[in-house]
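One structure below.
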Amino acid sequence: MATNFPANRSVSIDKQKVATAFGRAAHSYEQHNELQRRSGNALLALLDEHLTRSAPQSMPERGLDLGCGSGWFLPLLQPNAKQLLALDLSQTMLQQAKRKAEILALCGDMDAPPVAEHSLDWIFANLCMQWSHSPANWLCNWSQCLKPGGVLVFATLLEGSLKELSDCWQQQGQPNPINAFISQASLEQHLLATGKRWQCQADTEQLSFATLKDLLLSLKGIGANRVTQGKRSGLMGKNTWQQLNLIYPTNPQGQCLATYQLAYGVIYG
C-alpha cells in the first residue's frame, strides 16, 4: 500500500472503497510491490529474531498476517506457526493468498479485530496500519490480542514519505495527492499508550522509475490509485502534466524517485 494514506489522527476512511481498490489491484499487485517486499523482509528478520530467542525449541500455535494482501509473505510465515491466520479487507486479495499457503482466511476490517484477546503468538503487519481509522487504537487493540510472550512486528510509513510527489504537485498549484503520514513522535506516543514493552526504529527506502507515469502506474497497481484522480478526471491540463514531468526529481540516470520514510516497530505481549 503506498499513497493517499490517512493523516496521523483519527480519520474517517471509506473501507468499502479501499477494499474495492485493492480488489481491482489483486492480480497486478505483485508486479509493483517492491516497497512491500523490502519492508516485509525487514519485518521477517525481526520476527525470526524474537522467535529464535524466545522459543527456539517449540513452534508457536497461532500467527497472523495482518493485512496480508495477495499473500506474498505467507509461504515464509507458515513454518512459524501451527495455524496461520491471514486477514485482509479484500476478498479478492484473500483468494490470491489462499493459493500460496494453508491459511485460515479472515475477510474483515483490521479496526475491529475478529480474534480474541491473548490468542495470538505473533502478528506480522506489513504496511497496513496507515489504513486504520486510528493508529492509536490499532496499536492498543492488536497488542491486546497477543499472548503473554507474544510479539507484534509492524512497518508503517512516516511523514516525509513521497515528498517528491507532494512537493512537485504543490509547485504546480495542484491539490496535494498525499495525505499527511504519522510523525515518528506521534507513533511513539501511541506505542507508549499501549502499556506494553516496545521498540521502534526509522529507516528510508527509495524507489526509482523510468518515468513519472510509471511511478503513478505503480501506485495504481498496488491499489493506491486515488493519487491519479486529478489527471484522470480532466482537472490537470496537458501543459501542467508536461511541466510536472519536467520538474519531478530524478537521479543521474534520469529516473523518477519515490522516497519513503518507514518505521519498524515491535510490541511484546
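The values are calculated or read from the model by the stated rules, or taken from the named source; none is laboratory data. Predicted model, so just to flag it, every value in this text is computed and none were measured. Quick reminder, even Gly has a Cβ in these numbers, built from the backbone with ideal geometry, and neighbours come from all protein chains shown.
Report the residue count in segment 89-110 for those that are touching a strand residue (DSSP E or B) at 6+ places or on another chain (Cβ under 8 Å) and among the acidic types (Asp, Glu).
Counting residues in segment 89-110 that are touching a strand residue (DSSP E or B) at 6+ places or on another chain (Cβ under 8 Å) and among the acidic types (Asp, Glu) gives 1.
Going through segment 236-269 one residue at a time, which ones are more than 18 Å from residue 166 (Cβ to Cβ) and within 25 Å of the chain's Cα centre (by Cα)? Can you show your working first?
Keep residues of segment 236-269 that are more than 18 Å from residue 166 (Cβ to Cβ), which gives 237-239, 242, 251-255, 263-269.
Of everything in segment 236-269, those that are more than 18 Å from residue 166 (Cβ to Cβ) and within 25 Å of the chain's Cα centre (by Cα) turn out to be 255, 263, 264, 265, 266, 267, 268, 269.
Looking at the structure I just gave you, is residue 152 more than 30 Å from residue 214 (Cα to Cα) and in contact with a helix residue (DSSP H, G or I) (Cβ under 7 Å, 6 or more places away or on another chain)?
Taking the combined requirement at face value, the residue satisfies it.
Just to be sure before I move on: is residue 223 surrounded by 14 or more Cβ atoms within 10 Å (Cβ to Cβ), within 30 Å of residue 151 (Cβ to Cβ) and at pLDDT below 90 in the structure I sent?
It is true that residue 223 is surrounded by 14 or more Cβ atoms within 10 Å (Cβ to Cβ), within 30 Å of residue 151 (Cβ to Cβ) and at pLDDT below 90.
Taking residue 165 as the residue in question, decide whether it is part of a helix (DSSP H, G or I) and crowded, with 23+ Cβ neighbours inside 10 Å.
Yes: the conditions hold for residue 165.
Would you please name the residue that is surrounded by the fewest Cβ atoms within 10 Å (Cβ to Cβ), looking only at residues in segment 108-144 that are within 23 Å of residue 61 (Cα to Cα), in contact with an Asp or Glu (Cβ under 7 Å, 6 or more places away or on another chain) and touching a residue at least 60 places away in the same chain (Cβ under 8 Å)?
Step by step, filter segment 108-144, then rank; the result is 121.
Would you be able to tell me the number of residues in segment 111-133 that are touching a strand residue (DSSP E or B) at 6+ places or on another chain (Cβ under 8 Å), modelled with pLDDT of 95 or more and either among the β-branched types (Val, Ile, Thr) or closer than 18 Å to residue 267 by Cα (or both)?
Final tally of qualifying residues: 10.
Kindly check whether there is at least one residue in segment 95-117 that is closer than 30 Å to residue 259 by Cβ and either part of a strand (DSSP E or B) or of a type in the set (Val, Ile, Thr) (or both).
No, segment 95-117 contains no residue that is closer than 30 Å to residue 259 by Cβ and either part of a strand (DSSP E or B) or of a type in the set (Val, Ile, Thr) (or both).
Out of everything in segment 95-105 that is crowded, with 19+ Cβ neighbours inside 10 Å and within 18 Å of residue 120 (Cβ to Cβ), what residue ends up being modelled with the highest pLDDT?
Only one residue fits best here, namely 103.
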